[in-house]
Amino acid sequence: MNKYRSHNCNELRKKDVGSRVLLSGWINKKRDHGNLLFIDLRDHYGITQFIIDKDNKNFSRLEKIQLETVIKIDGEVLERSKDTINKEIETGEIEVSIENFEILGNCKELPLPVFSDQEYAEEIRLKYRFLDLRRKKIHENIILRSNVISFIRSEMNKLGFLEFQTPILTASSPEGARDFLVPSRLSPGKFYALPQAPQQFKQLIMVSGFDRYFQIAPCFRDEDARADRSPGEFYQLDLEMSFVEQEDVFEIVEKLLVNTFTKFSKKKLMFKTFPKIPYKDALLKYGSDKPDLRNPLIIKDITEIFSREDVKFEIFKKLVKSGSKVRCIVTKDTKDKPRSFFDNIDKWTKEQGGSGLAYFTIEKDKDIVAKGPIGKFFSKNSIEDIMKKTEAKIGDSIFLACAEQKELERITGLVRDKIAQDLDLIDEKVFAFCWVVDYPMFEKDDKTKKIEFSHNPFSMPQGKIDKINFDKPLEILAFQYDIVCNGVELSSGAIRNHIPELMYKLFSIVGYDKKQVNDKFSGMINALSYGAPPHGGIAPGIDRIVMLLAEEKNIREVTMFPMNQNAQDLMMNAPSQVSEDQLKELNLILKSKK
RNA sequence: GGGGGUGUAGCUCAGUUGGUUAGAGCGAUCGCCUGUCACGCGAUAGGUCGAGGGUUCGAGUCCCUUCACUCCCGCCA
């Protein structure tokens, strides 16, 4: 028998009654009756109740022992009487009498209770993460994460993918996020960068002739955190395939995600085949490039109504004349909602920086009329036209916003979410996946007015190469796609551009000459000129997948040792100062702080 | 870098229009209790009200500054 235990804390059952056992674990809870003491012992597997009375020589010592002390106990398994069975735990039909015990690990007074469902300040949870991780929900989240990752690995293997590691110390790349830099000792004044993703490596793996690659890849980006974005580091299921078109990637990923989400969640999938929404449509219909398809509301453009003579809503008409657009959201059967419902949404919109929402409700007295503050500006004819365009019925309400296109998309997207929340239209019991496709290759930076890559500069532009109109770069679409679930962006991917000449051409549009491209992407551009296969891939975010499966709203709930919002590890005290010697060796001199 | 929220006992929180000695639950300590499983009962200790400044006869409460945490914007090819 092992020195510490014959059984774990979730093993003993009725059939074990009468046997002598040895268990080790943490003291989860004590219930002290003065002459009789119950102890719940907890380990990774579960909880077993122990019992001791004052006749035992160990009684008084155990009475005083701190919660969360690690002890080993030996004793005899007893059957519980019918009225004392605890159905909440799997070992609830038995208990173990304590004969001897030994303290294996003492515990100081706890900074946070382990056995509690209460929520605690993040700061203290992160500082004492090892205690926090003992708690049930997060302990289970981490187990889920492990199971999801191992399931994905085995699925990927079955699908013919090989797992490879790529370097953690690599070169800084000019595009994208801010890099984490690592000074080089052997090359004074030079730096490695931690990879933002194994982007170039995975393409090089394809050029090397490995047909299908994947990796649970750590990615490092020095950008500010969000609830669904860890500062510093996160994990992607990075995958890449040779001789594929967009549809081939979709097929693999859909299969994988459907299997994973079916296995690890009770929620239903809204679509087994994920709808494909062109980027442009997504912005029009949902006001977002990561639409939440659980939300049934759809945004409609009704700009042209506002150039009619019989519409007198001058504020919007004036704006439309100067290039703004009008878009609206129809809510079903809301004519009896109180005025406050409408006004709250308008008020909220203004808080979000919008210029506010107009609204009216379509009703029928003798004739069809628009009721509400701006109803009087619309003729019967124009209302009927709006109804036709928006599929609105009598009794429905229409919320209208007017702004320049980009701002309008932002506002209508926000309002769409807000209204759906207020009307409780979102089914929390489903996962709604979709693809967002046909991303533009380039976009114009609002401030600098310069043309930039809108996503991945290595993506393949759509259309036959000799037919692409490089004079109108903003019209070029890319084989670039995102996968979105319940409004969360899970990943983006692309069919890659494996043709060096085309790469130089595209980079020239954003102002890189051939030499610069050669310098910045030397590894890859060189490789592409030695027989590169057409290839493409994608990289779903592991943390976000687990977050959705665990039904958590914050990525730290599925991360074992996360950093706080300022990218500090409160447990390990990272980042920290280093010694003068270390700096010297790395040829670094610190500027004194002001 | 900007905006919102929070900060009161080890933990979770209450604290009225500014007014006596700042409270509760859990935890800790001590006592009582032989069938609990959020055991119960009683007592005790525990507070720079995040920090600094101001207004006031008087500030946990009002004002200013600042710090920490968090959510969002920017940023994240």
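Taking region A:368-439 as the region of interest, the strands (runs of 3 or more DSSP E) fully inside it that hold 2 or more residues being open to solvent by less than 10 Å² (accessible area, probe 1.4 Å) are A:397-403, A:433-437. The residues of region A:106-124 that are at pLDDT 90 or above, of a type outside the set (Val, Ile, Thr) and more than 9 Å from RNA strand B (Cβ to nearest atom), listed by number, are A:Asn106, A:Cys107.
Can you tell me how many residues in region A:259-287 are under 16 Å from A:Cys485 (Cβ atoms), assigned to a helix (DSSP H, G or I) and either more than 17 Å from the chain's Cα centre (by Cα) or charged (D, E, K, R) (or both)? Result for region A:259-287: 5. Applying the criterion of at least 3 residues that are of a type in the set (Asp, Glu) and at negative phi to the helices (runs of 4 or more DSSP H) found wholly in region A:95-211 leaves an empty list. The residues of region A:259-292 that are open to solvent by 20 Å² or more (accessible area, probe 1.4 Å) and aliphatic (A, V, I, L, M), listed by number, are A:Leu269, A:Met270, A:Leu283, A:Leu284. Taking the numbered list (1) more than 26 Å from A:Leu423 (Cα to Cα); (2) assigned to a loop (DSSP other than H, G, I, E, B) in turn, A:Lys290 passes all entries but (1). Taking the stated definitions as given, is A:Phe151 surrounded by 11 or more Cβ atoms within 10 Å (Cβ to Cβ) and closer than 16 Å to A:Ile205 by Cβ? In short, no. Scanning region A:1-28 for residues that are exposed (fewer than 15 other Cβ atoms within 10 Å of the Cβ) and not in a loop (DSSP other than H, G, I, E, B) yields A:Lys14, A:Lys15, A:Arg20.
If we keep just the residues of region A:59-94 that are of a type in the set (S, T, N, Q) and outside any loop (DSSP other than H, G, I, E, B), which is farthest from A:Gly25 (Cα to Cα)?
So in region A:59-94, the residues of a type in the set (S, T, N, Q) come out as A:60, A:66, A:69, A:81, A:84, A:86, A:91.
With outside any loop (DSSP other than H, G, I, E, B) added as a condition, the list becomes A:60, A:84.
On the way: A:Ser60: 20, A:Thr84: 23 Å.
Looking at residues that are of a type in the set (S, T, N, Q) and outside any loop (DSSP other than H, G, I, E, B), I get A:Thr84.
In region A:512-525, is there at least one residue being closer than 30 Å to A:Glu254 by Cα, at pLDDT below 95 and within 12 Å of RNA strand B (Cβ to nearest atom)? Show your work before the answer.
Of all residues in region A:512-525, those closer than 30 Å to A:Glu254 by Cα come to A:524.
Within this subset, residues satisfying the condition of being at pLDDT below 95 are A:524.
When the remaining residues are screened for being within 12 Å of RNA strand B (Cβ to nearest atom), the result is A:524.
Yes, region A:512-525 has at least one match.
The condition of being surrounded by 17 or more Cβ atoms within 10 Å (Cβ to Cβ) and more than 12 Å from RNA strand B (Cβ to nearest atom) holds for only one of A:Ile103, A:Ile73, A:Ile94, that being A:Ile73.
Under the condition of being free of Cβ contacts under 8 Å to residues at least 60 places away in the same chain and open to solvent by 80 Å² or more (accessible area, probe 1.4 Å), the residues counted in region A:334-347 number 3.
When region A:540-559 is filtered for residues that are open to solvent by less than 20 Å² (accessible area, probe 1.4 Å), within 22 Å of A:Phe220 (Cα to Cα) and assigned to a loop (DSSP other than H, G, I, E, B), only A:Pro540 remains.
Is at least one residue of region A:321-333 assigned to a helix (DSSP H, G or I) and open to solvent by less than 80 Å² (accessible area, probe 1.4 Å)? Steps first, please.
As a first pass, look at region A:321-333 and keep what is assigned to a helix (DSSP H, G or I): A:321.
Adding the requirement that they be open to solvent by less than 80 Å² (accessible area, probe 1.4 Å) leaves none.
The answer is no; no qualifying residue exists.
With over 23 Å from A:Glu314 (Cβ atoms), over 30 Å from the mean Cα position of the chain (by Cα) and touching a residue at least 60 places away in the same chain (Cβ under 8 Å) as the only criterion, which of A:Lys393, A:Lys388, A:Lys429 stands out? Before you say what the answer is, go through the steps one by one.
Working: A:Lys388 fails: touching a residue at least 60 places away in the same chain (Cβ under 8 Å); A:Lys429 fails: over 30 Å from the mean Cα position of the chain (by Cα).
Just a single option satisfies the conditions, and that option is A:Lys393.
Per the conditions (1) within 30 Å of A:Gln199 (Cα to Cα); (2) more than 10 Å from RNA strand B (Cβ to nearest atom); (3) without any contact (Cβ under 8 Å) to a residue 60 or more places away in the chain, the sole criterion not satisfied by A:Glu452 is (2).
For region A:506-539, a residue qualifies if it is free of Cβ contacts under 8 Å to residues at least 12 places away in the same chain, surrounded by fewer than 20 Cβ atoms within 10 Å (Cβ to Cβ) and not in a helix (DSSP H, G or I), and exactly one does: A:Asp513. Residues of region A:40-61 that are in contact with a strand residue (DSSP E or B) (Cβ under 9 Å, 6 or more places away or on another chain), near RNA strand B (Cβ under 9 Å from one of its atoms) and within 14 Å of A:Ile98 (Cβ to Cβ): A:Asp40, A:Gln49, A:Ile51, A:Asp53, A:Lys54.
Cβ separations smaller than 6 Å between residues 6+ apart or across chains give the following pairs from region A:240-255 residues that are closer than 21 Å to A:Ile205 by Cβ to residues that are assigned to a helix (DSSP H, G or I): A:Glu240/A:Lys202; A:Glu240/A:Met206; A:Ser242/A:Met206.
Candidates in region A:125-151 are the residues that are of a type in the set (D, E, K, R) and farther than 28 Å from A:Gln215 by Cα; of these, the one that is farthest from RNA strand B (Cβ to nearest atom) is A:Arg134. How about region A:570-592: which of its residues are touching a residue at least 60 places away in the same chain (Cβ under 8 Å) and outside any loop (DSSP other than H, G, I, E, B)? Scanning region A:570-592 gives a single hit, A:Glu585. Here is the figure for region A:76-87: residues that are surrounded by 16 or more Cβ atoms within 10 Å (Cβ to Cβ) and more than 9 Å from RNA strand B (Cβ to nearest atom) total 1.
The values are calculated or read from the model by the stated rules, or taken from the named source; none is laboratory data. A quick note: this is a predicted structure, and the numbers were derived from the prediction, not measured. For neighbour counting, all protein chains shown are included, and Cβ atoms are generated from backbone atoms with ideal geometry for every residue, glycine included. Protein only, heavy atoms only, side chains kept; ligands, DNA and RNA dropped before computing areas. Shrake-Rupley method; radii C 1.70, N 1.55, O 1.52, S 1.80 Å.
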